[in-house]
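The values are calculated or read from the model by the stated rules, or taken from the named source; none is laboratory data. Since the model is a prediction, treat every value here as computed from it, not as a measurement. Don't worry about glycine lacking a Cβ; one is built from the backbone with ideal geometry, like all the others, and counts go over all protein chains shown. The area values use the complete protein model at the heavy-atom level, side chains included, leaving out ligands, DNA and RNA. Shrake-Rupley method; radii C 1.70, N 1.55, O 1.52, S 1.80 Å.
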Amino acid sequence: PLSPAAVVGAGLGGSAAAYFLQQHFGPQVQLDVYEAAGVGGRLATVTVNKQQYESRGASIHALSLHMQDFVKILGLKQRREVAGKSAIFSGEHFVLEETDWYLLNLFRLWWHYGISFLRLQMWVEEVMEKFMRIYKYQAHGYAFSSLEELLRSLGGEAFVNMTQRSVAESLLEVGVTQRFVDDVIAAVLRSSYGQSVLVPAFAGAMSLAGAQGSTWAVEGGNKLVCSGLLKLTKANVISARVTGISLHSSEGRALYQVHYESTEGQGSAFYDLVVVTTPLHPSRSNFTFENFDPPIADLPGAFQPSVTSVVHGYLNSSYFGFPDPKLFPFTSILTTDTPDLFFHAMDNICPVNISAAFRRKQPQEAAVWRVLSQQPLDKPQLKTLFRSYYSVQVTEWQTYPRYDAAKALPPIVLHESLFYLSGVEWVASSMEMVAVAAKNVALLAYNRWHQELEKIDQKDLMHKVKTEL
């Protein structure tokens, strides 16, 4: 039997991995979860006026089945959606505005962009429909030892290629116009990844699915999923930074020594199985692997710096062409890829606890806005967006991979029972992608441990799953 297992990181990836490992290996498996910063990782909140607000990782797509399960199992609730309108700003004027009237929106999109809008929708739907096969495969216990194999089983070589070419190229190929790509697609990708239409097609499709579909969030904050899963698995959370892993072998099986630093000093512990859920890129961690032969190589790739500013203040609506703030109709502003635009997106955010009596602030009142940008905003930039403000809380992240096409995807298996989860973000970065990867790693670890090789990297799974039913 498997004795202790370690998970490095207690963000969504780590907490989901701990939960799924226990589901598959059984309750007797001892789980240590190492976390240096705080449970929840990027699913952090900031406090303004005694209310908490999400500072990142805010919305979850309606089709996110693992996230829905977590919320159910943990007895959490989906947060009430508060309606609001969005618009896309070019730095000079709004290129696209949402109205209260759905048909008018559709008509405007048609009028501006013709059939592009429909072609985009069909393209995203086709990707999502194939992606949804993963839930069936996982329900039958199938796992994949590489991201390429996982993608291949869902959408063949076409899916693997979608991680190597840009979303712009893929959309132009299916007949979406350059103008639609520049106005609409660019704005969505800037608001979700802080990057341009050169992000890979697969990551782009996932982000566009979120922009089109209905999304939700967890009442009380998305980070409650992480603390909830760790409590449920009774995992032992160790507040320490893992500095490295060294290999010792014992009776034909690998044994891993995890080295860590905490406020008490340095320590280490031995494990049969380790899942690393923090990024292993040199820019992000100084993690060492010792006694591995062949050695575990540094992973290529860099991360995109991004800044979240949560501002409590009065919007300067005249910058957006509305001299009378009472008439400003939008709660979320996306931006096109214009050199002089210093922010990617901004939205008037609601607290993580929404009471039945809650109403959005009127545009002329002080409200809490979340501004996403690549660099911290300076005083003149804040003064451009806000007439005046009470407080600004800035969080700087290295959140998303800098999506550079033509790089190979990171490995999942680093060694016999040593697995890497964060590589999935190079396919697409969303809460559900991370949950899918956590389930895959747990199944992969289980199938390898029990030598159930017919459950790993199987070809023609659609057919197999159909016949198993």
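Some notes on this structure:
- Taking other residues whose beta carbon is less than 14 angstrom from the beta carbon of I73, and scoring Lys, Arg as +1 and Asp, Glu as -1, yields +3.
- Stretchable slack from V48 to T338, in nm (0.36 nm times residue separation minus alpha-carbon distance): 101.3 nm
- Whether region 225-289 is rounded, prolate or oblate, judged on the alpha carbon gyration tensor where a/c under 1.5 counts as rounded: oblate
- The chain: relative contact order as a whole-number percent, Cα under 8 Å and 6+ apart: 26 percent
- The simple Förster model, with R0 at 56 Å and r as the Cβ-Cβ distance, assigns L103 and K72 a FRET efficiency of 0.95.
- Listed residues Y390, P200, M128: farthest to the positive end of the dipole of the chain (Cβ charges): Y390
- Residue (of Y400, C350, S422) at the positive-pole extreme of region 326-469, dipole from beta-carbon charges: C350
- Lys, Arg +1 and Asp, Glu -1 on Cβ, resulting dipole of region 364-469 about Cα centre, debye, nearest 20: 340 debye
- Of all accessible heavy-atom area on region 175-255, the percent that carbon and sulfur account for (1.4 Å): 54 percent
- Calculated FRET efficiency, W111 to E454, Cβ-Cβ distance, R0 = 60 Å: about 0.65 to the nearest 0.05.
- Per-residue HN-Hα couplings for region 342-350 [Karplus 6.51, -1.76, 1.60; θ = phi - 60°; Hz; x = Gly/Pro]: 9, 9, 8, 6, 8, 9, 7, 9, 9
- The magnitude of the dipole of the chain, with charges of +1 and -1 set on the Cβ of Lys/Arg and Asp/Glu and taken from the Cα centre, is near 1280 debye.
- In region 96-146, the portion of solvent-accessible area held by carbon and sulfur atoms comes to 61 percent [1.4 Å probe, whole percent, DNA, RNA and ligands not counted].
- Here the dipole of region 196-287 is about 140 debye; that uses its Cα centre as origin and unit charges on the Cβ of Lys and Arg (positive) and Asp and Glu (negative).
- For the pair V413 and R165, the difference between a 0.36 nm per residue extended length and the Cα-Cα distance amounts to 86.8 nm.
- Separation in nanometres of the label points that stand 7 Å from Cα toward Cβ, at S391 and A356: 2.9 nm
- Once C-alpha pairs closer than 8 Å and six or more residues apart are averaged by separation and normalised to the residue number of region 1-152, the relative contact order reads 11 percent.
- For the pair N291 and E251, the difference between a 0.36 nm per residue extended length and the Cα-Cα distance amounts to 12.7 nm.
- Accessible area (Å², per residue) of the chain, counting only protein heavy atoms and a probe of 1.4 Å: 44 Å²
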